[in-house]
Amino acid sequence: MTDHSYEFTRAITRRPGQSITRGLRAVDTGAPDLDLMLAHHADYVATLREAGATVTELPPLEDFPDALFVEDTALCLPEGAVLMRPGAPSRLGEVAHMAPVLRDLYADVRVIEGPGFIEGGDILTTGREVLVGRSARTDAAGVAELATILKDWGRPLREVATPPGVLHFKTDCSLLDGETVLSTERLAASGCFEGYRVILTADGEEAAANAIRFNRFVLMAAGFPATAERLRRAGYEVREIGNSECAKLDGGMSCLSLRL
Ligand code: CIR
C-alpha cells in the first residue's frame with residue numbers, strides 16, 4: 001500500500017500572544033512564559049520548514065488564548081478540509097478565523113454544523129482509517145457528523161475511546177507511519193491499535209506520546225530521552241523541540257499545526 005499519511009507540503013501555525021496566560025489547563029502548574037514559548041514555537045516552525053513545509057504563520061488572536069493550538073479547529077485531508085466545532089466554549093470562535101485560511105487552500109471545505117462537538121486533537125488519520133476518540137471535547141453527535149462527511153470522501157472512520165482524564169485522544173498517541181503509532185501504555189491497553197505496530201512511550205514519559213511525523217522527521221517534545229531513544233532505535237529521525245510552556249496548557253507537538 002502506498003502510504004502518504006505522513007507526507008505533507010504545507011503547515012499552518014499561529015503564534016502565541018500575551019493572552020496565553022489565560023489559556024485553558026486541567027491543572028495549574030504556573031503561568032507560561034511568552035518569550036520562552038515564542039522561542040520554542042520558532043524552533044517548531046523552523047523544523048517544519050527543514051522538513052520541507054511551506055509554513056503559513058498566522059498572527060496571535062488575543063481574544064482566544066488557546067488559538068495557537070490550531071490543530072483543534074480543523075481536519076485537513078487531501079480530499080478537503082473539515083472545520084471543527086470545539087467542545088471548549090472559549091475556543092468555538094477560533095474556527096471562524098481559520099475558515100478563510102482553509103478556503104484559500106482547498107476547493108472543498110466542509111463544516112461541522114452541530115449540535116455535536118469535535119476537536120482536531122481527537123482525530124488520528126492513519127494510512128487506512130480515521131480514528132476518532134470520544135473525549136470531554138468530542139461527543140457522539142460530533143463524531144457522527146464527521147463520519148457522514150468522510151463517507152463522501154470514501155474514508156472509513158472508527159470511533160474509539162480517550163482514556164479518562166486525558167484531554168484528547170492524540171494527547172496519548174501519534175502516527176509514526178501509516179502502520180505504526182507511538183502510544184502510551186494506558187491507551188494501547190484499550191486495544192484500539194490492534195493490527196498496527198505500536199511503539200510505547202517509556203515509563204514516566206507519557207507526555208512524549210503527542211508527537212508528529214512530518215516527512216522525514218518525528219518532532220517530539222524535549223525531555224523524554226528514553227522514548228526518543230526507542231524511536232531512534234526503530235529507525236526514525238527524531239527532532240526534539242522545547243515544549244515546557246505549551247505543556248502548562250496541556251498542549252504538545254500535534255496541537256501546534258495543521259498539516260496538509
Ligand atoms: C485546550 O485545553 O484546549 C488547550 N489548552 C490545549 C489544546 C491542545 N490541543 C491538542 O492537543 N490538539
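The values are calculated or read from the model by the stated rules, or taken from the named source; none is laboratory data. Small disclaimer: the values here were computed from a predicted structure and weren't measured. A quick note on method: Cβ atoms are made from the backbone with ideal geometry, for glycine too, and the neighbour counts reach across all protein chains shown.
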> Which residues, counting only those in the stretch 23-40, are in a helix (DSSP H, G or I) and exposed (fewer than 14 other Cβ atoms within 10 Å of the Cβ)?
Replying inline: Asp35, Leu36, Ala39
>> I need a count of the residues in the stretch 201-226 that are out of contact with any Gly (no Cβ under 9 Å at 6 or more places or on another chain), surrounded by fewer than 19 Cβ atoms within 10 Å (Cβ to Cβ) and not in a loop (DSSP other than H, G, I, E, B).
In response: 1
> In this structure, does Leu36 turn out to be within 16 Å of Leu256 (Cα to Cα) and touching a residue at least 12 places away in the same chain (Cβ under 8 Å)?
Replying inline: yes
> Within the bounds of the stretch 45-62, is there any residue that is within 15 Å of the ligand (Cβ to nearest atom), touching a helix residue (DSSP H, G or I) at 6+ places or on another chain (Cβ under 9 Å) and among the hydrophobic types (A, V, I, L, M, F, W, C)?
Replying inline: yes
>> Given the options Ala88, Ala161, Ala189, name the one that is in contact (Cβ under 8 Å) with a residue 12 or more places away in the chain, more than 24 Å from Phe214 (Cα to Cα) and more than 12 Å from the ligand (Cβ to nearest atom).
In response: Ala161
> Which of the residues spanning the stretch 1-22 are surrounded by 12 or more Cβ atoms within 10 Å (Cβ to Cβ), in a loop (DSSP other than H, G, I, E, B) and at pLDDT 90 or above?
Replying inline: Tyr6, Glu7, Phe8, Arg15, Pro16, Gly17
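For the condition away from the ligand (no atom under 11 Å from the Cβ) and either out of contact with any strand residue (DSSP E or B) (no Cβ under 6 Å at 6 or more places or on another chain) or under 23 Å from Asp139 (Cα atoms) (or both), what is the one hit in Phe69, Phe117?
Phe117
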> Which members of the stretch 68-107 meet the condition of being over 13 Å from the mean Cα position of the chain (by Cα), within 21 Å of Gln18 (Cα to Cα) and not basic (Lys, Arg)?
Replying inline: Ala88, Pro89, Ser90, Leu92, Gly93, Glu94, Val95, Ala96, His97, Met98
> For the subset of the stretch 210-243 comprising residues that are farther than 22 Å from Val198 by Cβ and touching a helix residue (DSSP H, G or I) at 6+ places or on another chain (Cβ under 7 Å), which member is nearest to the ligand (Cβ to nearest atom)?
Replying inline: Asn243
> Within the stretch 164-176, can you find the residues that are out of contact with any Pro (no Cβ under 8 Å at 6 or more places or on another chain) and buried (at least 17 other Cβ atoms within 10 Å of the Cβ)?
Replying inline: Val166, Leu167, His168, Phe169, Lys170, Thr171, Cys173, Ser174, Leu175, Leu176
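Residues that are at pLDDT below 95 and not charged (D, E, K, R): does the stretch 144-161 have at least one?
yes
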